[in-house]
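Working notes, beginning with the structure itself.
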Amino acid sequence: MEAVANEIKASGGRAIAMKVDVTKQEDVVRMISRTVDYFGELNIFVSNAGVGAVGRLIDTDEQTWDWLMAVNAKGTFLSCQAAAKQMISQRKGGRIIINASGAGKMAPGKSTPLGVYAASKHAAVGFSKQLGLELSDYGILVNCICPGIVDTPMWDLIDRETAKLEGVPAGSIKARAVGEHTAGAYSEAGGRGERRRIPRFR
């Protein structure tokens, strides 16, 4: 984070970097306060913190469920709430952008065991809709982004762990998912595998 902030400053911009735990309200409030102290006001807020885990719902432990819901759902709520209160106090409107996921609009399917992740992102999508309605009278626009499959390290992990569950070569899950996404089809092929610790990503 510091490296990115320094790069922005070096190019003539202004930036600050902060380590924030979005599951803790005091951290979130401090983040908004420091931002306003530095820039003078808050006009745009992007809720982008997120984590995930690969595994079937019936194999998911309570700790994993709580962790994903705390970051992806509660974290979105706390951070957007704090940002909205600041924007309302400024009386200038504003923009709140919530980065959810395509998994927040449909079930990933048996071939992509991201059930808890999907549940948490459905929460983020529903929250976005309600927040947008509640903030409309203040001139604050709320948008929710639901990206599809993106070739990132997160998908490398999903591919690797799902391949283990199904007993197929690494790389085949990502290739299948990209193909299905492009064609607009979603496989319901059953997965196999023993109960195991749920791999997580952030």
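Please treat every number below as a calculation from the coordinates, not as lab data. Computed from a predicted model, the values in this text were never measured in an experiment. Note that each Cβ is placed from the backbone with ideal geometry, even for glycine, and that neighbours are counted across all protein chains shown.
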Proximal aspartates and glutamates to Lys74, defined as alpha-carbon separation beneath 20 angstrom and excluding residues fewer than eight positions away on the same chain: Asp21, Glu26, Asp27, Asp61, Glu62, Asp66, Glu134
Residue-by-residue Karplus 3J(HN,Hα) for the stretch 77-85, coefficients 6.51, -1.76, 1.60, Hz, glycine and proline x: 4, 5, 5, 5, 4, 5, 5, 4, 4
Using alpha-carbon coordinates, inclination of helix 115-135 to the longest axis of the chain, degrees: 30 degrees
Magnitude of the charge dipole, the chain, Cβ model with Lys/Arg +1 and Asp/Glu -1, debye to 20: 100 debye
Gyration tensor over alpha-carbon atoms, the stretch 1-123, equivalent ellipsoid semi-axes in Å: 31, 16, 13
Relative contact order computed over the chain (Cα-Cα under 8 Å; 6+ residues apart), in percent: 22 percent
Convex hull volume per residue for the stretch 1-58, taking Cα atoms only, in Å³: 121 Å³
Mean residue ellipticity (222 nm) of the chain, computed from DSSP H runs ≥ 4 via -39,500 (n - 2.57), nearest 500: -15000 deg cm²/dmol
Low-density loop cleavage sites - trypsin sites (Lys or Arg not before Pro) in the stretch 70-178, where at most 12 other Cβ are within 10 Å (DSSP): Arg91
Extension gain, Glu7 back to Ser136 (0.36 nm per residue minus Cα-Cα distance, nm): 42.9 nm
Amide H contacts under 5 Å for Ile98, placed H, 5+ residues apart: Ser47, Asn143, Cys144, Ile145
